[in-house]
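This report refers to the structure that appears directly beneath it.
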Amino acid sequence: MTSRGTPRIFISAAEPSGDLHGAGLVRALLQRYPGATIEALGGPQMQQAGAIIRYPMEGLAAFGVVEILTKIRAHYRLLRALQEDVRMGRYDLLILIDYPGFHLRVAEAAHRAGTKVLYYIAPQLWAWRPERARRLASSVDRLAVVLPFERDFFQSLGLRSEYVGHPLVDRAPAASRQQARAQLGIPLDSRVLGIFPGSRAQEIRRLWRPFRDAAQILLDEGSCNRVLVAGTAEGVYPDPGPLEILRKDPATLLAAADAALAKSGTTTLEAAIAGTPMVVAYKVHHVSWAVFQRLRTVRWVSLVNLVANQEVVPEVLQDRASAVELANQLRPLLNAADPRTIAQRHGLALVRERLGAPGASSRVVALVDELLQETA
């Protein structure tokens, strides 16, 4: 066991949103423990924040039963390596960020080895796998949840849970609409649609065509006159036509857009914080969808609607996510005076209120303090 002032901590974030949230936590931990060694499964954001990337996350992320099968060998190799790390007592504490299927197995290995586990950003087991929550409770020491309704769910299963607020609220304030448009070279009177097809290659492949074609419909009819796409560094976007691919911080595009078409996930909360009206869409392999439909326990899929506990944004899922349907749902949101746009803005304000005050990373560090005291 290392000294409490120089703990050895491993943070595991296997996808871009986890890398983003993990980066804020790395900075907060190094401020609290300047002598700490923080190693990670992560990406460029955590590395820039000061973590040592022991295992790069590239190529791991997948969602859906069929999609995950394509990554199973890489996950198995990584799991074996982490099992050996905890068996050898390499770390004082593991912090696992989201990504439940893999991280549940990592937590169980750490528990067997006697290593403390803090789970940050709870797996959404309340949505479709509630029976796994009991398994999680038996292998995790503390749970830091970021959605206001999660604490009671996990507490009811005997898992010590703390609501820490959402880390997106901690990010620096986005540029104003005027500033964002100036940065992107967009006139203030332009009507702009932002497209957010996701960061995983599998998501982009499934969503790009209907997203692109919906945007083309809206351009052709004059509902908007610019369409900008939040692209990733490695993303492939075939035949974009008049759509402009931006491989920059998507926050600027969210601030500049009149409306957004976003895949379900963290981006929807970023849009809510920015106050940008949106349509949420998602598509997976048909087998994955059939499994999800059998197991789901919630009415809505988007985080915005779940936090609000009402339908704030339209959800266009699976076979419904055609170009025509997406265009139909987006059309009114490109008109600021449309009653549906006004109503959605009111709903997004409610979501922002419910996400809590800034300081999520600091609250997680307080939980780290408690767990390290228990290991001393």
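The values are calculated or read from the model by the stated rules, or taken from the named source; none is laboratory data. Predicted model only: the values in this text are computed from it and were never measured. Neighbour counts run over all protein chains shown; Cβ positions are idealised from the backbone, glycine included. Accessible surface areas use protein heavy atoms only, side chains included; no ligands, DNA or RNA. Shrake-Rupley method; radii C 1.70, N 1.55, O 1.52, S 1.80 Å.
Here's the yes/no breakdown for (1) free of Cβ contacts under 8 Å to residues at least 60 places away in the same chain; (2) touching a Pro at 6+ places or on another chain (Cβ under 7 Å); (3) among the small types (Gly, Ala, Ser):
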position	(1), (2), (3)
175	no, no, yes
185	yes, no, yes
204	yes, yes, no
210	no, no, no
237	yes, no, no
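Does region 73-113 hold any residues that are of a type in the set (Gly, Ala, Ser) and within 26 Å of the chain's Cα centre (by Cα), and which are they? It would help to see each step written out before you state the result.
Narrowing region 73-113 to residues of a type in the set (Gly, Ala, Ser): 74, 81, 89, 101, 107, 109-110, 113.
Answer for region 73-113, where residues must be of a type in the set (Gly, Ala, Ser) and within 26 Å of the chain's Cα centre (by Cα): 74, 81, 101, 107, 109, 110.
I'd like the full set of residues that are open to solvent by less than 40 Å² (accessible area, probe 1.4 Å) and either touching a Leu at 6+ places or on another chain (Cβ under 6 Å) or modelled with pLDDT under 95 (or both), limited to region 306-315. Step through it out loud before you land on a result.
Here is the first cut: in region 306-315, the residues open to solvent by less than 40 Å² (accessible area, probe 1.4 Å) are 306-308, 312-315.
306, 307, 308 - these are the residues of region 306-315 that are open to solvent by less than 40 Å² (accessible area, probe 1.4 Å) and either touching a Leu at 6+ places or on another chain (Cβ under 6 Å) or modelled with pLDDT under 95 (or both).
Do any residues in region 159-170 that are free of Cβ contacts under 8 Å to residues at least 40 places away in the same chain have Cβ atoms under 7 Å from those of residues that are open to solvent by 40 Å² or more (accessible area, probe 1.4 Å), where the two are at least six apart or on different chains, and which pairs are they?
That search, which allows pairs on different chains as well, returns 161/151; 161/155.
Checking the structure you have, find out if any residue of region 237-244 is in a strand (DSSP E or B) and within 20 Å of residue 224 (Cβ to Cβ). Reasoning before the result, please.
Initially, region 237-244 is screened for residues in a strand (DSSP E or B), giving 244.
Right, trim to within 20 Å of residue 224 (Cβ to Cβ) and you get 244.
Yes.
Of the conditions (1) at pLDDT below 95; (2) open to solvent by less than 40 Å² (accessible area, probe 1.4 Å), residue 40 fails just one. Which one is it?
(1)
Within region 289-305, restricting attention to residues that are open to solvent by 40 Å² or more (accessible area, probe 1.4 Å) and aliphatic (A, V, I, L, M), which residue is farthest from residue 209 (Cα to Cα)? Quick ask: steps written out before the conclusion?
Pass one, region 289-305, residues open to solvent by 40 Å² or more (accessible area, probe 1.4 Å): 289-291, 293-297, 299.
Among the residues that remain, those that are also aliphatic (A, V, I, L, M) are: 290-291, 295.
Values: 290: 22, 291: 24, 295: 28 Å.
Going through the qualifying residues, I end up with 295.
Show me the helices (runs of 4 or more DSSP H) entirely contained within region 252-333 in which 1 or more residues are within 25 Å of residue 168 (Cβ to Cβ) and in contact with a strand residue (DSSP E or B) (Cβ under 6 Å, 6 or more places away or on another chain).
Numbers: elements: 266-274, 286-295, 303-308, 323-330.
The helices (runs of 4 or more DSSP H) meeting that bar are 266-274, 323-330.
If we keep just the residues of region 334-354 that are hydrophobic (A, V, I, L, M, F, W, C) and not in a helix (DSSP H, G or I), which is farthest from residue 273 (Cα to Cα)? Write out each step before concluding.
Within region 334-354, the subset hydrophobic (A, V, I, L, M, F, W, C) is 334, 336-337, 342-343, 348-351.
So of that shortlist, the ones also not in a helix (DSSP H, G or I) come out as 336-337.
Values: 336: 17, 337: 20 Å.
The residue in question is 337.
Select from region 238-277 the residues that are basic (Lys, Arg) and surrounded by 24 or more Cβ atoms within 10 Å (Cβ to Cβ) and list them in ascending order.
263
What residue, of 352, 340, 363, 345, is open to solvent by 70 Å² or more (accessible area, probe 1.4 Å) and either on the phi > 0 side of the Ramachandran plot or under 18 Å from the mean Cα position of the chain (by Cα) (or both)? If you could, list the steps in order and put the result at the bottom.
Numbers: 340 fails: either on the phi > 0 side of the Ramachandran plot or under 18 Å from the mean Cα position of the chain (by Cα) (or both); 363 fails: either on the phi > 0 side of the Ramachandran plot or under 18 Å from the mean Cα position of the chain (by Cα) (or both); 345 fails: either on the phi > 0 side of the Ramachandran plot or under 18 Å from the mean Cα position of the chain (by Cα) (or both).
Step by step, each of 352, 340, 363, 345 is checked, and only 352 is open to solvent by 70 Å² or more (accessible area, probe 1.4 Å) and either on the phi > 0 side of the Ramachandran plot or under 18 Å from the mean Cα position of the chain (by Cα) (or both).
Looking at region 141-158, which of the residues that are within 20 Å of residue 93 (Cα to Cα) and free of Cβ contacts under 8 Å to residues at least 40 places away in the same chain is surrounded by the fewest Cβ atoms within 10 Å (Cβ to Cβ)?
Out of the qualifying residues, it is 145.
For region 14-32: of the residues being open to solvent by less than 10 Å² (accessible area, probe 1.4 Å) and modelled with pLDDT of 95 or more, which is nearest to residue 100 (Cα to Cα)?
At the first step, the residues of region 14-32 found to be open to solvent by less than 10 Å² (accessible area, probe 1.4 Å) are 14, 18-19, 22-23, 25-26, 29.
Add one more test, that the residue is modelled with pLDDT of 95 or more, and what stays is 22-23, 25-26, 29.
On the way: 22: 15, 23: 19, 25: 19, 26: 20, 29: 23 Å.
By that ranking, first place goes to 22.
Of all residues being closer than 18 Å to residue 241 by Cβ and among the hydrophobic types (A, V, I, L, M, F, W, C) in region 197-217, which is most open to solvent (accessible area, probe 1.4 Å)? Just the residue, please.
Within region 197-217, the match that is most open to solvent (accessible area, probe 1.4 Å) is 217.
Please go through region 1-13 and give me each residue that is touching a Lys or Arg at 6+ places or on another chain (Cβ under 9 Å) and buried (at least 24 other Cβ atoms within 10 Å of the Cβ), ordered by number.
The one that is touching a Lys or Arg at 6+ places or on another chain (Cβ under 9 Å) and buried (at least 24 other Cβ atoms within 10 Å of the Cβ): 10.
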